[in-house]
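Asks: Can you read through this structure? Questions will come right after.
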Amino acid sequence: MKKWLPLIIIAILAIGLYSWGKGFNNTAVDLKETGLKSWADVESSYQLRNDLVGNLVKTVQGAADFEKGTLTAVIEARAKATSISIDPSNISAEQLAKFNEVQGGLSGALKSLLVTVERYPELKANQNFLELQSQLEGTENRINVARVRFNEAVEPYNKHIKRFPNMLLAGVFGFDELQYYKAEAGSEKAPDIDFDFD
């Protein structure tokens, strides 16, 4: 009996380590996939906005003798925003900052467009424009909700892989921390809107 005791202890330890490693890995995979799906929802919301911007630009062009500089800025910002994509399994702080920067540029250009449109009463009364404006507002809200949900999905994954002793296995299995979505620099300040069109 004594000669089998070391083998029994080793077998129990091996089964325990296997169960721990399996449990850690499967939970980390589940949590990471939830985070990646949430990022896909963020990108989907941005894609919807980009699609709506194209329709908004066409409506504004067709309905008003419009200030070309503002319209050009929106078109260029949209092009930049659609040119940046992120691999959700390798999101870095730098990639997220660049993505946030170009999306912020599009948001700023849209705000400028909508403020400038106030000069055109016939455009404000256009049903297509009003519908697009309403859809854009709804889309901006969906983008914000998607970003919040992404951060909520990233949190349990990051906690899971950073806690001891899980952090020991995270490196072995190749689980890296996911980056949180952060607000663009300066967004804590209220926007300066000037309604003086003289």
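Coordinate-derived values only; no laboratory data. Here the structure is a predicted model, which is why all the values come from computation and not from measurement.
Asks: Filter the cross-link list Lys37/Lys111; Lys58/Lys98; Lys111/Lys162 down to pairs whose alpha-carbon distance in this structure exceeds 32 Å.
Replies: Lys111/Lys162
Asks: So how much slack lies between Ala14 and Ser83, counting 0.36 nm per residue of separation and subtracting their Cα-Cα distance, in nm?
Replies: 19.9 nm
Asks: Can you list residues whose amide H is under 5 Å from Tyr181's amide H, if they're 5+ apart or on another chain and H is modeled 1.01 Å from N?
Replies: Asn151
Asks: Distance between Cα centroids, the stretch 1-57 to the stretch 128-177: provide it in whole Å.
Replies: Value for the Cα centre distance between the two parts: 15 Å.
Asks: For the stretch 91-108, take each phi angle, set θ = phi - 60°, evaluate the Karplus expression 6.51 cos²θ - 1.76 cosθ + 1.60, and give the result in whole Hz per residue in order, putting x for glycine and proline.
Replies: Those phi angles translate into 5, 10, 4, 5, 4, 5, 5, 5, 4, 4, 5, 6, 5, x, x, 5, 4, x Hz.
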